[in-house]
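The values are calculated or read from the model by the stated rules, or taken from the named source; none is laboratory data. No experiment lies behind these values; they were computed from the predicted model shown. All Cβ positions, even for glycine, are placed from backbone atoms using ideal geometry, and neighbour counts span all protein chains on display.
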Amino acid sequence: MEMHFDQHISRQFNEDLESIKTEMLEMGGMVTRQVADAVEALATADSELAEKVLRVEEEIDRCEMELDEHATLIIAKRQPAASDLRMVMSIIRIARDLERVGDEASKIAKMAIALTEEGTAPRGYTEIRHIANAVRKMLNDSLDAYTRFDVKSAMETLAEDEQVDMDYRSAVREMITYMMEDPRSISRVMNVLWTLRSLERIGDHAKNICEQVVYLVEGADIRHGNEAKLR
Amino acid sequence: MTTMTLNAGPAVAAGDQAKNPAAEQNAVKTNAEIVKTVGQPFSDQAKLRMRNVNVFYGETQAIHDVSLDIGRNEVVAMIGPSGCGKSTFLRCLNRMNDTIEGCRVEGELTLDGEAIYGPKVDVVPLRARVGMVFQKPNPFPKSIYDNVAYGPKIHGIASRRAELDEIVENSLRRAGLWNEVKDRLDKPGTGLSGGQQQRLCIARAIAVSPEVILMDEPCSALDPIATARIEELIDELRENYTIAIVTHSMQQAARVSQRTAYFHLGKLVEVNDTETVFTNPEHELTEAYITGRFG
């Protein structure tokens, strides 16, 4: 599939589009790293790594604002149409999703700090690891599909969210059992629950990114269960 | 873009196209291979109906087999690079091409089912029904009042001064010019600003109560404020008229029209809802043109 974003008569326009795409993908790389670090900090009780996640979070917020500004400038200067317009719109939307993934990562980092302070290894880490691996893969694959304008792979990644949701629900049931078994564990297990919740949300954001790949390439808005719109 | 309809000729096998996007692109750029218009060229509410229209200037063919409907109370925008035939096609609709030596129009063109090029058609009443606004404002070297009153007078729509007064005021009001000129109706139309002159020309066109208004780049000589006024006016006029507008401004086409037709090398490549054309065009030539790519 050829999208030809480098064939504008205006070379500057080619560069502007290329540059916001690169910015977005760099932001995606940072955010993916954040999720990995936050989960690692939690699993290894590494509060230093967790603090780093919280610091990088501010950088990600700045990235989102810059990306927004650059996209706004392109709209103002170029009045993009068709695939150009879809690219700018999709980048704005993905940047918002990425920023929220960053928020979830820093929530996980905060849980990591809280759990480290308690100094005990609560149950539920296996579930966290499992779901974390799944959503990190989704996030990676969604950005990869965007880079390659690959609708097929975006649709496959999008479908993985269902499994993540199922795993999340079953993990929640398990956590409830732990809390019932041992009420003293409630505050700790609640932290694990919030973490699972954050990971599940990251899966949703990765799904949103996949939907933007479809929008960019096919021009079909399949959000909110409108997958039938994909011709 | 996977669903891009290419309409390449039968010489290019479908399998080859899928394997080689570059060959696919080159194939479609050959004029002879755009064989069918993609999208929705037809309307259930056709006011103007054109089928298989060919236009020749002497030996040169300027329009190749164009079929298009323009619906009632609809604004259709025609876009395309210079020399693509959009103005030529527009001028067929009220036989303005008759004035060009060596110009020949073939095909079926009807206005409300009546042949525009019928042997008994008198072009004067035809042009009263299908009015035209040109790129450069061209008011008559007469007073503002006479510019608007001239048409109704010669077409015998009104003869008494009171009737004419009413038509002039109404037309100027609808063209959004009345408040600016009501105190100087006897001053020459040529003394107005460019934007005002163009609105005067629109007032002149609507004074004879046309059914269709053709606009050939009506804003290309105007500043953005005058342009905004004309665009606002086009939207209001749509309630009562059918409008076809040729424009080089893609944003203008996007703003004022309900459907957009893309012409390329004398062929009608794509007609679709304006929204579709500007967000997700069907044909890659349309995409290349509206996004400013090499095409």
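Okay, here's what the table says:
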item: Given (1) more than 12 Å from the chain's Cα centre (by Cα); (2) more than 14 Å from chain B (Cβ to nearest Cβ), number of the condition residue A:213 does not satisfy; result: (2)
item: Out of B:242, B:190, sole residue that is of a type in the set (S, T, N, Q) and touching a Gly at 6+ places or on another chain (Cβ under 9 Å); result: B:242
item: Selection within the stretch A:216-231 - within 13 Å of chain B (Cβ to nearest Cβ) and assigned to a helix (DSSP H, G or I); result: A:216, A:217, A:218, A:229
item: Matching entry among B:130, B:124 (being β-branched (Val, Ile, Thr), modelled with pLDDT under 95 and closer than 20 Å to residue B:152 by Cα); result: B:124
item: Identity of the residue in the stretch B:241-267, among the polar types (S, T, N, Q) and more than 12 Å from every other protein chain (Cβ to nearest Cβ), that ends up surrounded by the fewest Cβ atoms within 10 Å (Cβ to Cβ); result: B:258
item: Residue, farthest from residue B:247 (Cα to Cα), within the stretch B:129-161, restricted to residues that are part of a loop (DSSP other than H, G, I, E, B) and in contact with a strand residue (DSSP E or B) (Cβ under 6 Å, 6 or more places away or on another chain); result: B:134
item: Residues that are crowded, with 17+ Cβ neighbours inside 10 Å and not in a strand (DSSP E or B), drawn from the stretch B:34-65; result: B:34, B:37, B:41, B:43
item: Where a residue in the stretch B:88-115 is surrounded by 13 or more Cβ atoms within 10 Å (Cβ to Cβ) and its partner, wherever it lies, is outside any loop (DSSP other than H, G, I, E, B) and among the acidic types (Asp, Glu), with Cβ under 7 Å and at least six apart; result: B:90/B:216
item: Selection within the stretch B:268-295 - surrounded by 22 or more Cβ atoms within 10 Å (Cβ to Cβ), more than 15 Å from the chain's Cα centre (by Cα) and away from every other protein chain (no Cβ under 12 Å); result: B:269
item: Residue count for the stretch A:174-216, restricted to those that are of a type in the set (S, T, N, Q) and surrounded by fewer than 22 Cβ atoms within 10 Å (Cβ to Cβ); result: 5
item: One residue from B:214, B:200, B:164, B:172 being outside any helix (DSSP H, G or I) and touching a helix residue (DSSP H, G or I) at 6+ places or on another chain (Cβ under 6 Å); result: B:214
item: Enumeration of residues in the stretch A:13-41 that are within 11 Å of chain B (Cβ to nearest Cβ) and exposed (fewer than 13 other Cβ atoms within 10 Å of the Cβ); result: none
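Residue-by-condition table, conditions (1) touching a residue at least 12 places away in the same chain (Cβ under 8 Å); (2) closer than 30 Å to residue B:276 by Cα; (3) within 14 Å of chain B (Cβ to nearest Cβ):
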| position | (1), (2), (3) |
| --- | --- |
| A:52 | yes, no, no |
| A:61 | yes, no, no |
| A:79 | no, yes, yes |
| A:86 | yes, yes, yes |
| A:118 | yes, no, no |
